[in-house]
1. List the number of the failed condition for Thr428; all other conditions in (1) more than 16 Å from the ligand (Cβ to nearest atom); (2) closer than 18 Å to Ile177 by Cα hold.
2. Just the residues that are among the hydroxyl-bearing types (Ser, Thr, Tyr) and within 30 Å of the chain's Cα centre (by Cα), please, taken from the stretch 325-367.
3. Quick one: what pairs do we get from the stretch 123-143, first residue more than 10 Å from the ligand (Cβ to nearest atom), second among the basic types (Lys, Arg) and not in a loop (DSSP other than H, G, I, E, B), C-beta under 7 Å, 6+ apart or different chains?
4. Out of Thr314, Thr283, I need the residue that is under 23 Å from the mean Cα position of the chain (by Cα), within 30 Å of Gln475 (Cα to Cα) and either open to solvent by less than 10 Å² (accessible area, probe 1.4 Å) or away from the ligand (no atom under 16 Å from the Cβ) (or both). Which one?
5. Which numbered condition in (1) of a type in the set (Val, Ile, Thr); (2) surrounded by fewer than 21 Cβ atoms within 10 Å (Cβ to Cβ); (3) within 16 Å of the ligand (Cβ to nearest atom) is the only one that Thr363 fails?
6. Checking the structure you have, find out if any residue of the stretch 105-112 is open to solvent by 10 Å² or more (accessible area, probe 1.4 Å) and more than 23 Å from Leu225 (Cβ to Cβ).
7. Would you confirm whether or not the stretch 483-490 contains a residue that is more than 17 Å from the chain's Cα centre (by Cα) and crowded, with 23+ Cβ neighbours inside 10 Å?
8. Taking into account only those residues within the stretch 381-422 that are surrounded by fewer than 18 Cβ atoms within 10 Å (Cβ to Cβ) and of a type in the set (A, V, I, L, M), which is farthest from Ile454 (Cα to Cα)?
Amino acid sequence: MSLPCAHELARQLADGTVTSAALTERYLKAIERTEPALHSFVTVTGQRAMEAARASDARRAAGSLLSPLDGVPIAVKDNMITEGVATTCSSKILGNFVPPYNGTVIQKLQDAGLVILGKTNLDEFAMGSSSENSAFGVTRNPWDTNRVPGGSSAGSASCVAAGQAPWSLGSDTGGSIRQPASFCGIVGLKPTYGRVSRYGLVAFASSLDQIGPMTLDVRDAALLLETISGHDPKDSTSAKLPVPRYSEELEKGSLRGKKVARPREFFEIDGIEPGVKAVLDNTIEKLASLGAEIVDVSMPHTKYSISCYYLVATAEASSNLARYDGAQYGHRTPGTKNIVEMYSKSRAEGFGDEVKRRIMIGTYALSAGYYDAYYLKALKVRTLIKRDYDEALAKADLIVAPTSPFVAFPFGSRSADPLSMYLCDIFTLSLNLAGYCGLSMPAGFGEHGLPVGIQLLAGAFQETKLLQGAWELEQTLGVTGTRTAPAAAV
Ligand code: GLN
């Protein structure tokens, strides 16, 4: 049995075959049944969700719906500021922080009548690829609970794959939406930088962070993207551009005659699992069968993505995380003798190892004697990577690439070695450095019968073209909705 997509639920609500209260209760029960095995959530907001669902049903009865999605449940990553609900970033340092306001994206969900089921688990401050950096315990992959769901949007991926929520929001700084989407067999879209407001997204690396949809199919990704996008006076980096109705454009494009770039550097890397490679080859064949012309390109500077990202992102993180000093927000070590001791003990206790590692690398890269050699150099490499994208996209409409070199891996197999963990991001980081849009979509099954996602990438604000291509490919691949994760609630 396949899990119902959000657009199907919206139709059922419109038909009157289900109420939002019944739907919300069904998901809350699914969460109750499967959470002990999966731990997708940091906080489940059951009572608030039921109240929101009943209010939606009342609006429907009164004919005053807020949007066609009014009453549909959703889960959100716990790094999005939510008024009156703990927002922890899966960090001890924010453990008891309850924000007094809503981030823009949360406000947009509520303005559209969506029902928030809870806040999902992540690697602390979105730093990681496996959920093993969460201060509140790991999230398990519903396809195999001995394996990681990917990260950092771990809970947002697992809850959708497990039928604990029909869809969710994640955030992507270097791959945190796309990699877990790939590991859990769902769609995950990173919008163009500036498409979605970052106001109220707890900052990790401000020049890279974007919020985006994690869904069961491409249509849902389009629907959720159009709900959260748009200019926001509270985020000066959000773009002043109109928001297309992406969901109404899906069938209007065609891959016939379009050019799809295949960058050599993404395909000729050692260490891609054979099962993943087979899925990639099949995807390229399907693209060609749809009439797309596959063009070979080279993006030579993308091989520096990992070094470049881990300087830019850590530099920004070291500055963004300076605000957690024990004086504001969550955790403060009691009984310290002076303010310096309070700062240092609160930070030593409040942050986990990976966050501390990144604060130290970033502080070092920004320090007076090393700024030019590290941070400034990384910025120059970032420009070269962006130029690679511009050149590839001058020759093609879309780029096809793997999402991850491997399927979901067992807990503990990479966590002891940060560099091996950073390798998870090898195919996803460059897109954030360029600032462009891309998605990972289910394309088949690889080693151990586990899901494999592939990426389609496009230029700035080319989400319509991206979603049109993905939608057509989804129909032809015939993978979406064919198998359900063994640990899912059905
Ligand atoms: N895995 C990458 C990291 O650890 C990406 C994280 C993200 O996109 N938030 O930084």
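The values are calculated or read from the model by the stated rules, or taken from the named source; none is laboratory data. Note that this is a predicted model, so its numbers are computed, not measured. Here Cβ is always computed from backbone atoms with ideal geometry, including for glycine, and neighbour counts include all displayed protein chains. SASA here: full protein model, heavy atoms, side chains in, ligands and nucleic acids out. Shrake-Rupley method; radii C 1.70, N 1.55, O 1.52, S 1.80 Å.
1. For Thr428, the failing item is (1).
2. Tyr329, Ser346, Thr363, Tyr364
3. Close Cβ pairs (under 7 Å, with a partner that is among the basic types (Lys, Arg) and not in a loop (DSSP other than H, G, I, E, B)) amount to Ala135/Lys92; Asn141/Arg147.
4. When all the criteria are applied, what remains is Thr283.
5. Result: Thr363 fails condition (3) only.
6. Within the stretch 105-112 (the criterion being open to solvent by 10 Å² or more (accessible area, probe 1.4 Å) and more than 23 Å from Leu225 (Cβ to Cβ)), the answer is no, since none of the residues qualifies.
7. Within the stretch 483-490 (the criterion being more than 17 Å from the chain's Cα centre (by Cα) and crowded, with 23+ Cβ neighbours inside 10 Å), the answer is yes, since at least one residue qualifies.
8. For the stretch 381-422, the residue satisfying everything is Ala416.
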